[in-house]
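Visitor: Structure incoming, see below.
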Amino acid sequence: MASVLFIYPPVSLEGKNPSSGFTPPLGALYLGTILKNNGHEVHVIDANAEQLSLAQIKRRVESIDPDVIGLTCLTFNLDASKAMISEIRKTADAYIAVGGPHLSAAPEASFGQLGADAYIIGEGESIINELVDKKPRGIIHAPEVQDLDSIPFPDRSLVEHIDYGTAFGLSMLGGKATSILTTRGCKYACAFCNRPKKASFRSRSPKNILLELKEIDRMGFKAVEIVDDNFTNNPKNVIKLARLMKREKLKFNFIAEGRVDATSEALYKSMRDMGVVGLSHGVESLNPKIVRWYNKTRYPEKWPEYVKKTLKLCDRYGLVALESLIFGAPMETKEDMEHSIDFLEKNGADLINGNILMYLVGSAIWRWGRRTGKIGPDRYLASAPELGLTPYSREELQEMCDRCTDFMKREGWKGVTRKVLDNRRFDMIYYGIKTYITHYWRVRKARKEMYEHGYGKSYMGGKSNTQFEKS
Ligand code: B12
């Protein structure tokens, strides 16, 4: 039997990572569970959550001395993954396989530069046993799993030593936290996203999700992030799940991601009933021309109406509304950006998350940039101002992001408190007050760090130009 180690690399091996520590690396847990069930010894290092340095990672690898190492590579942690592999290679002679979202998005010709033995495109479940047993080399296409109910639940005990649901050392969700995946794939094709468009949208059955939630409950988790690309993609299932949970008297503090054009009273009521505390939506812009360029919807002119309706529903059902905006589309003016922020502020958003537009390898806007010669062939991740694809500088766009952050600081707590009270989430209120009193200085420090390094500031401490040298 082999000793297998999964590593989830951080964005940066030095500085603070904006979103470290929030949820466990489910990909590694799903694959690790299959191997564990087959008798292999499985370890997981979440270098992102634990903010490990290269030297610390290397030491841990050496002490585990695995036969096989599996890495989850995102475009954002590409540089870190590459550096880790090269460092590990110096002392360990393990077979190294890399999977994850980046591989499904980037050109296959570039994979070799990562320095691994095998590169897996797609979902690893169907090939993970073979990978460990036979150690094949090169590029491997793993088919997506059609029957999601057939996959064993991820074994969360593999990362029980890590306190999830925290940001900058502070628990954000009210209690022991984990995550769950209820669907895979997405029905939409946003132009800035580099998730594989080939992947079909699939749902787990509500009964199967319920069984996993019961297990999560038995393990003592109170808070659960639903990490689907879009939890509201299958509204019927959400409504059914809420019914089943009610029958079982099961409730968690959930957070999830939804769409502003997939809303209904029944859906929002169900989410409230099952315990969803907050829902985030990719609004991106309130200018239909920009919404069309992002390919968010077939009806861009209706977008502002959709956003208004969604915010009303969040208000009615007491769901904290975290609305995301992207700044820096080529045709976007400062007035457009200000209008987007004002619109959200006036129509009931609780929190606004501003981001600078990134061109990610494999996304439609990246392909457009390549076709028109605006992006070099080896540039896999770059922001709009770096590429000169917006009339505004990084600082000007950052100022817009800061306006969103200021709104959160100024108004966020009011909306959040009102909604939590409306929904009689006394557990969360008690937890919030207790944390504030007992960890006053930590709360202040975490808030400060969050605003300095968190979402809407800069990805990777300003370093956003990951690129491979030409081979
Ligand atoms: C939860 C989440 C997070 C959490 C925790 C991540 C974690 N530990 O898994 C937090 C909040 C920390 C986070 C942070 C970030 N995230 Co995130 N995140 C997600 C999210 C919503 C779910 C991840 C997940 O659990 N998926 C479910 C599992 C089952 O899928 P999977 O990880 O892809 O694994 C499967 C395959 O990829 C493959 N596989 C993966 N690893 C391996 C390894 C081997 C050896 C093999 C064989 C196969 C294999 O098999 C797995 C099982 O089928 C995804 C979107 C999504 N729905 O996947 C975005 C996503 C992964 N995140 C994304 C981004 C951009 C980020 C950030 C850069 C955001 C930021 N600005 O800070 C950071 C980067 C963090 C880092 N270290 O690099 C992008 C990545 C895009 C890209 N190509 O780079 C995604 C795809 C969202 C999107 N639509 O754009 N994220």
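Visitor: Exceeding 23 Å between C-alpha atoms, which entries from my cross-link table qualify? They are LYS309/LYS434; LYS36/LYS249; LYS214/LYS236; LYS269/LYS419.
Guide: Check vs 23 Å cut-off fails for LYS309/LYS434; LYS36/LYS249.
Visitor: Could you line up GLU144, GLU225, GLU14, GLU257 from fewest to most neighbouring Cβ atoms inside 10 Å?
Guide: GLU14, GLU144, GLU257, GLU225
Visitor: Once you charge only the Cβ atoms, +1 for Lys and Arg and -1 for Asp and Glu, what is the size of the charge dipole of the chain about its Cα centre, to the nearest 20 debye?
Guide: 1260
Visitor: A further question follows. Considering amide H positions built from the backbone, and no H for Pro or chain starts, which residues 5 or more places from HIS43, or on another chain, come under 5 Å of its amide H?
Guide: VAL4, LEU5, PHE6
Visitor: Right, something else. Can you tell which of PRO330, LEU286, LEU211 lies farthest toward the positive end of the dipole of the range 163-452, using +1 and -1 charges on the Cβ of basic and acidic side chains (Lys, Arg; Asp, Glu)?
Guide: Farthest along the dipole direction, towards plus: LEU211.
Visitor: Using +1 on the beta carbon of Lys and Arg, -1 on that of Asp and Glu, and nothing else charged, what's the dipole of the range 3-148 about the Cα centre, debye to 20?
Guide: It works out to roughly 380 debye.
Visitor: Sequence gap at least 6, Cα distance under 8 Å: using those rules, report the relative contact order of the chain to the nearest whole percent.
Guide: Relative CO of the chain lands at 14 percent.
Visitor: Can you give the Kirkwood hydrodynamic radius of the range 3-148 from its Cα pairs, in Å with one decimal?
Guide: Evaluated on the range 3-148, it is 15.1 Å.
Visitor: As a check on your grasp of the helix formula, calculate [θ] at 222 nm for the chain: sum -39500 (n - 2.57) over DSSP H runs of n ≥ 4, divide by the residue count, round to the nearest 500.
Guide: -11500 deg cm²/dmol
Visitor: Still on this structure, I have one more. Using the Karplus equation 6.51 cos²θ - 1.76 cosθ + 1.60 (θ = phi - 60°), what ³J(HN,Hα) coupling, rounded to whole Hz, does each residue of the range 114-126 give in order, writing x for Gly and Pro?
Guide: 6, x, 8, 8, 9, 10, 10, 9, x, 8, x, 3, 6
Visitor: May I ask you to sort TRP366, TRP293, TRP413 by Cβ crowding, counting other Cβ atoms within 10 Å and putting the fewest first?
Guide: Lowest count first: TRP413, TRP293, TRP366.
Visitor: Let me ask something else about it. Determine which aspartates and glutamates satisfy two conditions relative to LYS296: a Cα distance under 16 Å, and not lying fewer than 8 residues away in the same chain.
Guide: ASP229, GLU257, ASP261, GLU284, GLU305, GLU323, GLU332
Visitor: Out of PRO101, SER53, ILE139, whose Cα points farthest toward the positive end of the dipole of the range 3-148 (charges: +1 Lys, Arg; -1 Asp, Glu; placed on Cβ)?
Guide: About the Cα centre, the residue reaching furthest to the positive side is SER53.
Visitor: Can you list, by residue number, the Cys in the chain that have no neighbouring cysteine C-beta under 4.7 Å?
Guide: Those would be CYS73, CYS186, CYS314, CYS401, CYS404, since no other cysteine Cβ in the chain comes under 4.7 Å of theirs.
Visitor: What are the residues whose amide H is under 5 Å from the amide H of LEU74, where those residues sit 5 or more places off or on another chain and H is modelled from the backbone?
Guide: The list, which skips near neighbours in sequence, is HIS102.
Visitor: Taking amide H atoms as placed 1.01 Å from N in the peptide plane, list the residues 5 or more away in sequence, or in a different chain, whose amide H sits under 5 Å from that of VAL283.
Guide: SER324
Visitor: How far is the Cα center of the range 243-279 from the Cα center of the range 116-166, in Å?
Guide: 29
Visitor: Testing the spin-label approximation: label points 7 Å from Cα along Cα→Cβ at ARG218 and ARG137. State their distance in nm.
Guide: About 4.4 nm, to one decimal.
Visitor: Tell me, Kirkwood radius of the chain from alpha-carbon pair distances, in Å?
Guide: When all Cα pairs of the chain are included, the Kirkwood radius is 23.0 Å.
Visitor: Could you please rank HIS102, HIS339, HIS161, placing first whichever residue has the fewest other Cβ atoms within 10 Å of its Cβ?
Guide: With the sparsest Cβ surroundings first, the list reads HIS161, HIS339, HIS102.
Quick note: the coordinates plus some simple rules give every number you see, no bench work behind them. Please read these numbers as outputs of a predicted model, since none were measured by experiment. Quick reminder, even Gly has a Cβ in these numbers, built from the backbone with ideal geometry, and neighbours come from all protein chains shown.
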